[in-house]
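Inspection log for the structure reproduced underneath, given as structure tokens.
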Amino acid sequence: MRNPPPRAGHRSRGGRRRTRGGAAPLSPPALPPLAVVPPFAARVPSWALAVAAGVLALLLAGGGTAYAVDRRVLLDVDGGRRVVHTYADTVEEVLDAAGVRLREGDAVAPGLGEEVARGGAVVVRSARELTVAIDGGEPETHRVAALTVGQALDQIGLSGEPLELSEKRSAPIPEEGLEVTGERARGVVVLRDRVRREVATTAATVGQVLAENGIEVGEHDIVVPEVDEPAEEGAVVRVTEALAGPRTDEVAIEAETQERETDELEKGEERVVREPEDGVKRVTVLPVLKEGRESEHVLEEEVVEEPVDGIVEVGTAEPGGQEQAAPAEAGGEAGGLNWPALAQCESGGDPSAVNSAGGYYGLYQFSQPTWEAAGGSGSPAAAPPGEQTMRAQRLYDMVGGNWQGQWPECGRHLFD
């Protein structure tokens, strides 16, 4: 004969005092995945739910020779828990006995046809609607068996998305449903000297991205793109730290020296026509940290004085050869006039002079068409001084001595 169950208040073999009615404290069982009531299918996460389980109570029946099993089952319906006393064998029978009616899309664990194990538990999650709109797109409605926004996102495949939501993930989803908006985070790379940081952000501007990552931008720091620019997907933000304020220095612009050939000089001989003059520019620089060292970043350059290139004539005549004809080569009356005086008035005696208004060149301020009419080629200011005088004399003869039409202001000096 089996030993009768211990009386209330009697200490059992394990030393634990049973409560009135013979029930022992419940222990959490391992739960199988939730099953969704057809015809809807919902992806249900695997979570651990802390529940209590009932123990088997052997009730003596019929003279002490037969027993009936009272399955104490912990029933959890949408987070509300109660202990159900039942002799049912399956989950479906347990729910029927407890008066729980399932709707389409509700999730149950274990499945409806599963047997209720000793010390078991049954979990029911009612289906409800979660409407989600991401990045301003069309709202999508999902039927989920979840109590919170976070659980629902897990079911619809958005648990791993870096989203900024209008509701907290711990927010409950009421039975009538919930609408949630979200914005996906954008990937941005922040470079600050030798430090590279890849961040996910929903910030609107570059400055907000830096602020939310603890990067303070100083007054003179250089940020590219600028802090008020939008923080776009894949953007690379470069932050250059200023070590002090900007300063402005005047720097020389080195002038160059041009060489031009002349047959007025023998080979090997040179003549300085114009000395080079350096220009000046103002340069504003900012001391910055670059590659871990102090460096200078140029903020602005402004030219104050343009440089003036020097001119040196290099001889091409063979030694002992025939010298180039002087102004008299043009012949006629022109050979006896005072051409140096005319040149001094027209150009200050500078064979490379160019009129500030443009269009007139050289000692005698030829226009290009007039120069070519006198047999010249190229720019008059690039020709040797002797050739310029010869062409001027030829022009004088071509116009029959009408110097007023060619040099109306300075022509009178031909007769000084």
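The values are calculated or read from the model by the stated rules, or taken from the named source; none is laboratory data. On a predicted model such as this, the values are computed, not experimentally measured, just so you know. Virtual Cβ from ideal backbone geometry, glycine too; neighbours counted across all protein chains shown.
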**OP:** Tell me which residues, restricted to region 279-294, are exposed (fewer than 14 other Cβ atoms within 10 Å of the Cβ) and not basic (Lys, Arg).
**Re:** Glu291, Gly292, Glu294
Original post:
For region 104-142, how many residues are farther than 21 Å from Val94 by Cβ and either surrounded by fewer than 20 Cβ atoms within 10 Å (Cβ to Cβ) or among the acidic types (Asp, Glu) (or both)?
Top reply: 12
**OP:** Quick one: which strands (runs of 3 or more DSSP E) lie wholly within region 24-121 and hold at least 1 residues that are over 23 Å from Val149 (Cα atoms) and at pLDDT 85 or above?
**Re:** 66-77, 80-86
Subject >> Residue within region 385-404 that is within 60 Å of the chain's Cα centre (by Cα), in the same structural domain as Asn338 (by TED's automatic domain parsing) and among the small types (Gly, Ala, Ser) present >> reply: no
Subject >> Candidate set: region 122-135, residues that are touching a residue at least 60 places away in the same chain (Cβ under 8 Å) and assigned to a strand (DSSP E or B); chosen: the one farthest from Gly177 (Cα to Cα) >> reply: Val123
Original post:
Has region 245-268 got at least one residue that is surrounded by 12 or more Cβ atoms within 10 Å (Cβ to Cβ), in contact (Cβ under 8 Å) with a residue 60 or more places away in the chain, touching a helix residue (DSSP H, G or I) at 6+ places or on another chain (Cβ under 7 Å) and acidic (Asp, Glu)?
Top reply: yes
Subject >> In region 220-236, residue farthest from the chain's Cα centre (by Cα) [restricted to those that are assigned to a loop (DSSP other than H, G, I, E, B) and closer than 14 Å to Leu286 by Cβ] >> reply: His220
Original post:
Only one of these conditions is not met by Leu342: (1) under 60 Å from the mean Cα position of the chain (by Cα); (2) at pLDDT 90 or above. Which number is it?
Top reply: (1)
**OP:** Looking only at region 150-173, decide whether some residue is modelled with pLDDT of 85 or more, part of a strand (DSSP E or B), crowded, with 17+ Cβ neighbours inside 10 Å and out of contact with any Lys or Arg (no Cβ under 8 Å at 6 or more places or on another chain).
**Re:** no
Original post:
Is it fair to say Ala242 is touching a helix residue (DSSP H, G or I) at 6+ places or on another chain (Cβ under 6 Å), surrounded by 13 or more Cβ atoms within 10 Å (Cβ to Cβ) and within 30 Å of Ala204 (Cβ to Cβ)?
Top reply: no
Original post:
Tally time: how many residues in region 260-292 are closer than 30 Å to Arg192 by Cβ and modelled with pLDDT under 90?
Top reply: 3
**OP:** Scan region 253-272 for residues that are touching a Lys or Arg at 6+ places or on another chain (Cβ under 8 Å) and within 27 Å of Glu306 (Cα to Cα) and report the count.
**Re:** 1
